[in-house]
Amino acid sequence: MGIQNPHDKFFKEIFGNVEVAEDFFTNYLPQSILDIIDLKTIELQKDSFINKDLEESFSDLLFKVNINNTQGYIYFLFEHKSYPSKDIAFQL
């Protein structure tokens, strides 16, 4: 039996590395955003959460980081497809 969701696992393994995520943000975020984010404070957060009704939800990648000297978060949603999809614009 093959690996379930290999593209998601690959994405989380690669971009879950703080150095890779920092490099990606440095090269792809606008300078105005980089000016207020202290990427040296970036920390990967857990990927599952339980709400007050005990329902579980999952995130792609969530990083804690200082934004304007205040704790904030960057949610990294990277939509990738392993097949062509004519509904991709709707999904995004």
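Quick look at the values:
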read-out	value
Cut-off under 5 Å, modelled amide H: who pairs with Asn66 long-range	Asp38, Thr41, Gly72
Förster-model FRET efficiency, 25 Å R0, Ile36 and Asp87, C-beta, rounded to 0.05	0.10
Extension gain from Phe24 to Gln71, taking 0.36 nm per residue of separation minus the Cα-Cα distance	14.9 nm
Listed pairs Lys52/Lys86; Lys40/Lys86; Lys9/Lys64 exceeding 32 Å between Cα atoms	Lys52/Lys86; Lys40/Lys86
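Laboratory data are not the source of any read-out in this text; all were calculated from the coordinates shown. This structure is a prediction, so every number in the text was calculated from the model and none was measured. When we count neighbours, we look across all protein chains shown, and the Cβ atoms used for this are built from the backbone with ideal geometry, even at glycine.
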